[in-house]
Amino acid sequence: MASHFNSTERQGSEGEETIESLTPAAAPQAETVTADDTGAFLAAADLAGVPTPAAVPDPVAEAPEVPEVPEEVHVVTAADPADAPSEGAAQVSESVYSSLAGDDAPAVPRTGTPTVSFKNVTLIYPAQPNKPALDDVSLDIYPGEFVFVVGHSGSGKSSLLRLITRELKASSGQVIVAGQDLTKMRNKKIPYLRRQIGTVYQDFKLLPDKTVYENVAFALECIGKPRSVIKAQVPEVLRLVGLAERMNHFPDQLSGGEQQRVSVARAMVNRPPLLVCDEPTGNLDPAISLGIMKLLDMINRAGTTVVMATHDREMVDSMRKRVIALEAGHVVRDQERGGYGYYGAL
Ligand SMILES: Nc1ncnc2c1ncn2[C@@H]1O[C@H](COP(=O)(O)OP(=O)(O)OP(=O)(O)O)[C@@H](O)[C@H]1O
Ligand SMILES: [Mg+2]
């Protein structure tokens with residue numbers, strides 16, 4: 001089985017250290033980005049059965065009406081969380097996310113080199129020395145997978161994601177991303193790792209004094225892309241997320257959903273093979289969340305591995321993706337085509 005990683009010299013001055021680069025599962029990246037290949041991501045999406053940009057409707061505009069979902073309280077039981085059909089699952093046919101159900105998608109082969117590998121990872125914050133945020137976590141995420149990370153507030157979701165981006169360093173164990181053990185990675189290599197990981201956060205993290213265009217362009221400027229590439233790629237990706245008409249607006253002139261689409265555009269403009277999303281729909285209502293999820297689903301179907309923390313039960317139950325559930329820093333469930341599961345209000 002061929003490795004999913006390429007050993008590629010990263011951009012930068014000669015003599016710089018190299019880092020293995022992640023390669024998307026279905027959409028191998030070009031070594032050198034030129035203005036001509038700005039459509040590569042979109043072409044890959046097309047090959048994967050995703051509409052071409054011209055045919056991509058505004059994901060928000062076409063969101064159907066949102067059905068009322070009654071508040072439910074679930075109780076954790078030791079026996080049934082993984083297999084019992086959740087009440088959320090029973091509502092699949094009514095869910096706005098049903099159209100994104102992955103049931104028909106071919107299973108991603110879990111072979112070869114994982115994109116992300118945790119081996120007995122423990123994370124202890126100095127402020128809480130007796131209560132590990134993550135405790136002996138082991139998991140593998142393979143190229144092309146879409147993985148939901150779920151669990152109560154404080155269960156360790158964000159901590160897990162921040163280990164992948166090396167915002168945090170594990171206290172013990174190994175976190176391996178792009179073939180690199182991040183627990184041993186020297187700080188000067190971190191920027192090269194992060195070029196390969198797009199990030200989307202609940203609070204968008206846009207620069208308020210830059211326009212939509214400038215926010216997205218900035219991500220490319222930071223990694224030294226030539227102006228010609230930026231000029232070609234930024235409008236292309238903004239068209240993909242349905243914001244071509246808003247490029248000259250500032251973030252505070254946009255709705256929350258539009259701002260999040262800018263942040264998705266910024267995360268994917270460099271076509272990273274791995275996208276890490278921490279509650280990207282946490283501040284959005286369900287109809288707007290659907291538009292964001294359509295984008296993330298499309299990006300995933302074009303080959304990008306997506307790891308997403310969420311509290312959105314309806315979304316998880318409807319989309320039938322892999323679900324990793326955390327409780328108090330432990331993985332308590334890892335399920336293919338899973339549901340959100342049974343959690344009480346703790
Ligand atoms: N900077 C920090 N210093 C000390 N403890 C922290 C820090 N950040 C998180 N924690 C603790 O680590 C545990 C896991 O937190 P984390 O933010 O990963 O949870 P989460 O699952 O993302 O929660 P939420 O759903 O509320 O975002 C919690 O007990 C939290 O209090
Ligand atoms: Mg969190």
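Read-outs throughout are calculated quantities, based only on the coordinates presented, and are distinct from any laboratory measurement. Keep in mind it's a predicted model, so treat the numbers as computed, not measured. All Cβ positions, even for glycine, are placed from backbone atoms using ideal geometry, and neighbour counts span all protein chains on display.
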How far apart, in nanometres, would the label points at Phe250 and Ser172 be if each is projected 7 angstrom from Cα along the Cα-to-Cβ direction?
5.1 nm
Would you mind ranking Ile288, Ile124 so that the residue whose beta carbon has the fewest other beta carbons within 10 Å leads the list?
Ile124, Ile288
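Taking square-rooted eigenvalues a ≥ b ≥ c of the alpha carbon gyration tensor, is segment 175-276 rounded, prolate or oblate, where a/c under 1.5 means rounded and, failing that, a/b exceeding b/c means prolate? Show your work: numbers first, answer last.
Numbers: a/c = 2.28, a/b = 1.75, b/c = 1.30.
Prolate, since a/c reaches 1.5 and a/b exceeds b/c.
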In nm, to one decimal, how far is the Tyr125 label point from the Asp181 one, both placed 7 Å along Cα→Cβ?
2.7 nm
Please list, ordered by chain and number, the residues whose modelled amide H lies under 5 Å from the amide H of Cys277; skip anything fewer than 5 residues away on the same chain.
Val200, Val307, Met308, Ala309
When the Cα centres of segment 239-283 and segment 154-223 are compared, how far apart do they sit, in Å?
16 Å
Where a label projected 7 Å from the Cα of Ser99 along Cα→Cβ would reach, residues of segment 296-322 with amide N under 12 Å:
none
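Can you pick out the pairs among Lys119/Lys205; Lys189/Lys210; Lys188/Lys231; Lys294/Lys321; Lys119/Lys184 whose Cα atoms lie more than 22 Å from each other? Kindly include the intermediate steps, with their values, before the conclusion.
Working: Lys119/Lys205 31 Å; Lys189/Lys210 28 Å; Lys188/Lys231 29 Å; Lys294/Lys321 14 Å; Lys119/Lys184 14 Å.
In this structure, Lys119/Lys205; Lys189/Lys210; Lys188/Lys231 exceed 22 Å between Cα atoms.
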Sorted by chain and number, the residues with a modelled amide H under 5 Å from that of Asp136, at a separation of 5 or more or across chains, are Val121, Thr122, Leu123
May I ask you to evaluate 6.51 cos²θ - 1.76 cosθ + 1.60, the Karplus curve with θ = phi - 60°, for each residue of segment 117-125 and list the ³J(HN,Hα) values in order in whole Hz, giving x for glycine and proline?
9, 9, 10, 6, 8, 10, 10, 10, 7
Each label point is 7 Å from the Cα along the Cα-to-Cβ direction; what then is the distance between the points at Asp209 and Cys222, in nm?
1.7 nm
Dipole of segment 161-306, positive end: most advanced residue of Leu295, Phe250, Leu274 [Cβ charges, Cα centre]
Leu274
